[in-house]
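Down below is the structure, laid out as structure tokens.
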Amino acid sequence: MTTLEEAAFAGDEAAFADLAGRHRRELHVHCYRMLASYDDAEDAVQQTLLRAWRSLDQYDGRTYFRAWLYRIATNVCLDVARRHTRRSTSPGDMGWLQPYPDRLLDEIAPPADQPDAVAVDRETIELTFLIALQALPARQRAALIARDVLGWSASETAGLLETSVAAANSALQRARVTMQQRLPARRSDWSAPRPTAEEREVLDRFIDAHQRCDAEAAIAIAAEDLRISMPPDQLTFDGLAACLPLFERGMGPNREGEWRLVPTSANRLPAAASYLMRPGDTVWRAFKLDVLWVRDHQIVEITTFGYSRFPAFGLPDRLTP
């Protein structure tokens with residue numbers, strides 16, 4: 001046990017804050033997977049650290065401190081899930097769904113004293129996977145994340161859920177069956193690499209089309225089975241034909257103004273932050289965030305969020321000429 005740990009477990013609040021703070025970002029990602037909301041994950045982490053501090057006398061010293069924090073965080077998320085019934089299979093129905101900035105994922109690395117810890121950039125946080133998770137009951141969700149994302153053993157997962165190994169395994173098997181039904185059959189690897197060169201090239205074309213207000217160019221990189229979902233407004237448009245009015249409204253002659261887009265990435269997917277300058281205005285103001293799913297050099301899905309999370313992405317609220 002290090003001097004810092006000794007001080008923390010002896011009741012030194014500053015030492016505890018330092019020790020627990022080293023795990024804060026990965027706990028945030030864990031809570032985000034459970035709840036699919038950046039803001040709710042933030043609240044859950046705060047509650048986790050408060051509960052951990054208040055129950056420090058219950059820490060036995062034999063369990064990894066990190067695993068103990070994960071157990072508390074999972075229970076906090078299960079409490080949230082019990083208070084709010086949030087099971088859904090469509091992003092358009094998930095008004096609470098929020099994007100996660102890749103720049104914050106890049107801050108996370110396995111603790112030096114725990115080489116078995118899994119780095120977030122090798123875990124999945126992609127929106128399709130995240131949305132499929134929300135179809136699971138909360139305890140099944142927790143079991144699947146522990147086993148298939150964090151790589152925990154059956155006994156560790158049982159400890160996380162405070163249940164038997166048999167019950168944890170049963171929850172895991174049911175969760176895996178549901179996920180196989182919900183996820184695209186073409187996907188077998190749910191690791192989360194950074195956006196590829198192909199995805200970045202399509203993102204560049206998406207940005208260029210919008211800034212030139214060229215609807216035809218935007219349509220040219222859209223798949224016939226394009227889906228556009230707007231979680232804040234709980235709207236979904238399926239198929240290119242259904243999406244065409246959106247392109248026309250945003251880039252046609254009756255559009256609201258002129259666009260400027262900034263490339264970024266969210267949930268390990270290419271994304272564009274859109275700013276709109278309306279007639280009579282002198283700056284482009286934050287408007288929306290489009291997260292793209294690209295396949296075969298075409299956009300097959302766009303998930304459109306509001307601009308409330310721009311600060312987390314390090315994005316300004318306005319752009320000047």
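The values are calculated or read from the model by the stated rules, or taken from the named source; none is laboratory data. A quick note: this is a predicted structure, and the numbers were derived from the prediction, not measured. Positions of Cβ are generated from backbone atoms using ideal geometry, with glycine treated the same way; all protein chains shown enter the neighbour counts.
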Selection count where residues are among the acidic types (D, E) and not in a helix (DSSP H, G or I), scope the stretch 201-215: 1
Residues of the stretch 216-253 satisfying the condition of being surrounded by 14 or more Cβ atoms within 10 Å (Cβ to Cβ), hydrophobic (A, V, I, L, M, F, W, C) and assigned to a helix (DSSP H, G or I): A217, A218, I219, L240, C243, L244, L246, F247, M251
Residues of the stretch 231-250 classified as in contact with a Phe, Trp or Tyr (Cβ under 8 Å, 6 or more places away or on another chain) and either under 27 Å from T320 (Cα atoms) or at pLDDT below 90 (or both), total: 4
Listing of helices (runs of 4 or more DSSP H) fully contained in the stretch 16-130 that carry 3 or more residues being modelled with pLDDT under 90 and either more than 24 Å from S265 (Cα to Cα) or aromatic (F, W, Y) (or both): 65-83
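Conditions tested, residue by residue: (1) outside the structural domain of L133 (by TED's automatic domain parsing); (2) surrounded by 15 or more Cβ atoms within 10 Å (Cβ to Cβ); (3) hydroxyl-bearing (S, T, Y); (4) in contact (Cβ under 8 Å) with a residue 40 or more places away in the chain.
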{"residue": "D18", "(1), (2), (3), (4)": "no, no, no, no"}
{"residue": "H23", "(1), (2), (3), (4)": "no, yes, no, yes"}
{"residue": "E26", "(1), (2), (3), (4)": "no, yes, no, yes"}
{"residue": "M34", "(1), (2), (3), (4)": "no, yes, no, yes"}
{"residue": "Q46", "(1), (2), (3), (4)": "no, no, no, no"}
{"residue": "L49", "(1), (2), (3), (4)": "no, yes, no, no"}
{"residue": "S55", "(1), (2), (3), (4)": "no, no, yes, no"}
{"residue": "Q58", "(1), (2), (3), (4)": "no, no, no, no"}
{"residue": "G61", "(1), (2), (3), (4)": "no, no, no, yes"}
Residue within the stretch 160-183 that is acidic (D, E) and surrounded by fewer than 16 Cβ atoms within 10 Å (Cβ to Cβ) present: yes
From the options L27, L50, residue that is of a type outside the set (D, E) and over 20 Å from G151 (Cβ atoms): L50
Qualifying position, being over 23 Å from S153 (Cα atoms) and under 15 Å from the mean Cα position of the chain (by Cα), among A15, A10, A36: A36
